[in-house]
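Here is the structure we will look at, set down as structure tokens.
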Amino acid sequence: MLLKPTVIATRSQEIVEEIERVIVGKTETVRRAVLTLLCNGHLLIEDIPGVGKTTLAKALARTIGGDFRRIQFTPDLLPGDITGTSVFNQGSAEFEFRPGPIFGNVVLVDEINRATPKTQSALLEAMEERQVSSDGVSRTLPRPFFVIATQNNIEMTGTYPLPEAQLDRFFARISLGYPEREAEAEILKQQQVSMPLDTVRQVCDTEQLTELQSVVRDVFVHDSIRHYIVDVVRGTREHGLLTMGASPRGSLFLLHAAQAEAAMNGHEFVRPDDVKAVAPMILGHRVIPRGEVRARGTSPEQIIEQVLAQVPAPVPVG
């Protein structure tokens, strides 16, 4: 049965509401995480410890009935610890492959910047190819396959920051941030006796989610919107406050994100406002501000907002 964007709007809202049982007062941030999942992308969360990054990943896995795995990145972690290794079976006198924790539907990679570049590369290869190779054999990862990587932005000792080329492989970057006063009080009330994560219910299964991901790609995009997306991305390459603009991958991901934004709003076609709504989270980690700009505390997302203000938007179609 062919699904309509209105079905995506209903189902995604149900997922958001279930996650909000444990992530209080962060509706827009939760919505962005769900949007990334609908686009079949991977999510990078940069934030301070203790704001709910792990809880968000667990709750999301519960809503889709997916297999949740968690990998704690450390300096001594090896690629085989992620992808799996071959172990000799004395009974059969043969080597058997033991899958690593990467074989899950929702994989939380905690503190990705604490592992060495070699280990980071093993993860990013799995993210890009949706498979792992061991002993000359390629093994396909489960579908859907959603990586949520976290890194604390206040601890730099003993870390290996992701290069720009690897950051570009993440579909989106978000931050949870501190909760508001009333939201934090509600968190204390909820978790005084028990963990509300146990109350999160399953909204759909992995097969239904895969179908929703397919429908997102079918949301209509007018030529004027495609040109608008290109102009926005080109605007980052020509902006005076940036030393490097977004890549063509950024253009493609911005297109897909705008389709998902439209579908989550129940629309059958993409509007300029859909592009504007998702551009900062899609392009923010794909640009490099000049040194003096970073020193002033101007964030990449703020510069993206400037670009959006400078690029003329097309007249909405329909």
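Near the amide H of residue 95, under 5 Å away, which other amide H atoms are found, from residues 5 or more places off or on another chain, if H is placed in the peptide plane?
Sorted by chain and number, the residues that satisfy this are 89.
What is the spin-label model distance, in nm, from residue 17 to residue 164 if the labels are put 7 Å beyond Cα along the C-beta direction?
Once both label points are built, they end up 4.4 nm from each other.
If I take R0 = 45 Å and measure r between the Cβ atoms of residue 76 and residue 315 in this structure, what FRET efficiency does the formula 1/(1 + (r/R0)^6) give, to the nearest 0.05? Intermediate values should be presented prior to the final figure.
Details: r = 57 Å, r/R0 = 1.26.
Between residue 76 and residue 315 the formula returns 0.20.
Work out the charge dipole of region 142-250 with +1 on the Cβ of Lys and Arg and -1 on the Cβ of Asp and Glu about the Cα centre, then indicate which of 172, 187, 247 is farthest towards its positive end.
Working it through, the farthest residue towards the positive pole turns out to be 247.
What is region 219-310's relative contact order, in percent, from Cα pairs under 8 angstrom and six or more apart in sequence?
Values: 120 pairs, mean separation 30.2, N = 92.
Rounded, it is 33 percent for region 219-310.
Go ahead and run the numbers for FRET between residue 92 and residue 210, Cβ-Cβ distance against an R0 of 25 Å, rounding to 0.05. Walk me through the numbers on the way to the answer.
Numbers: r = 35 Å, r/R0 = 1.39.
The calculated FRET efficiency here is 0.10.
In deg cm²/dmol and to the nearest 500, what is the mean residue ellipticity at 222 nm of the chain if only DSSP H runs of at least 4 residues count, each as -39500 (n - 2.57), divided by the residue total?
Working: 13 runs with 142 residues, N = 318.
Estimated from H runs of four or more residues: -13500 deg cm²/dmol.
Hey, what did the chain get for relative contact order, percent, Cα under 8 Å, at least 6 apart? Before the final figure, lay out each step's value.
Working: 554 pairs, mean separation 74.7, N = 318.
Worked out over the chain, it gives 23 percent.
Have a look at 151, 202, 190 and tell me which one the Gaussian network model of the chain (Cα, springs below 10 Å) gives the largest fluctuation.
Per the Cα network of the chain with a 10 Å cutoff, 190 tops the list.
Could you work out the relative contact order of region 26-178? I mean the mean sequence separation of Cα pairs under 8 Å and 6+ apart, divided by the number of residues, in percent.
Relative contact order of region 26-178: 37 percent.
Among DSSP bridges having both ends in the chain, what percentage is antiparallel? Round to the nearest 5.
Working: 12 of 29 bridges.
So the antiparallel bridges in the chain amount to around 40 percent.
By counting other Cβ atoms within 10 Å of each Cβ, how are 228, 160 ranked from fewest to most? Intermediate values should be presented prior to the final figure.
Details: 228 21, 160 16.
With the sparsest Cβ surroundings first, the list reads 160, 228.
I need the GluC sites (Glu not before Pro) found in region 221-318, filtered to DSSP loop residues with at most 13 other beta carbons within 10 Å of theirs. Spell out each step's value before the answer.
Values: sites: 238, 261, 268, 292, 301, 305; in loops: 238, 268.
The qualifying sites are 238, 268.
Once phi is turned into ³J(HN,Hα) by the Karplus curve 6.51 cos²θ - 1.76 cosθ + 1.60 with θ = phi - 60°, what whole-Hz value does each residue of region 274-279 show in order, with x for glycine and proline?
Coupling constants for region 274-279: 5, 5, 5, 5, 9, 4 Hz.
Magnitude of the Cβ-charge dipole of the chain, K/R +1 and D/E -1, about the Cα centre, nearest 20 debye?
Numbers: 33 positive and 40 negative charges, 60 e Å.
I would put it at about 280 debye.
List the trypsin sites (Lys or Arg not before Pro) within region 89-171 that DSSP assigns to loop and that have no more than 16 neighbouring Cβ atoms inside 10 Å.
Here the trypsin sites (Lys or Arg not before Pro) that fit, given the DSSP loop and packing criteria, are 130.
Net charge near residue 270: determine it from the other residues with C-beta under 13 Å of the C-beta of residue 270, scoring Lys and Arg +1 and Asp and Glu -1.
Numbers: positive: 217, 226, 271, 276; negative: 218, 223, 261, 268, 273, 274.
Result for the local shell: -2.
List the pairs from 4/276; 118/189; 118/276; 58/189 whose alpha-carbon separation is above 32 Å, in the order I gave them. Mind showing how you got there, number by number?
Values: 4/276 23 Å; 118/189 43 Å; 118/276 36 Å; 58/189 20 Å.
Among 4/276; 118/189; 118/276; 58/189, the Cα-Cα distance tops 32 Å for 118/189; 118/276.
Residues with amide H under 5 Å of residue 242's amide H, sequence separation 5 or more or different chain, H placed in the peptide plane at 1.01 Å from N; which?
Under 5 Å from the amide H of residue 242 lie the amide H atoms of 290, each far enough along the sequence or on another chain.
How do 222, 267 line up, fewest other C-beta atoms within 10 Å first? Please report the intermediate quantities before stating the final value.
Details: 222 15, 267 19.
Arranged by neighbour count, lowest to highest, 222, 267 become 222, 267.
Computed from these coordinates, which is Rg and Dmax of the Cα atoms in Å: [x] 19.1, 61; [y] 18.8, 58; [z] 20.3, 70?
Step by step, Rg and Dmax of the Cα atoms in Å for this structure corresponds to label [z].
Name the residues whose placed amide hydrogens come within less than 5 Å of the amide hydrogen of residue 131, ignoring near sequence neighbours (fewer than 5 apart) on the same chain.
Counting only residues 5 or more places away or on other chains, the set is 141.
Each value in this text was obtained by applying a stated rule to the coordinates, not by laboratory testing. Only a predicted model underlies this, so the values are computations on that prediction, with no experimental measurement involved. FYI the Cβ positions are ideal-geometry reconstructions off the backbone, even for glycines, and counts take in every protein chain you see.
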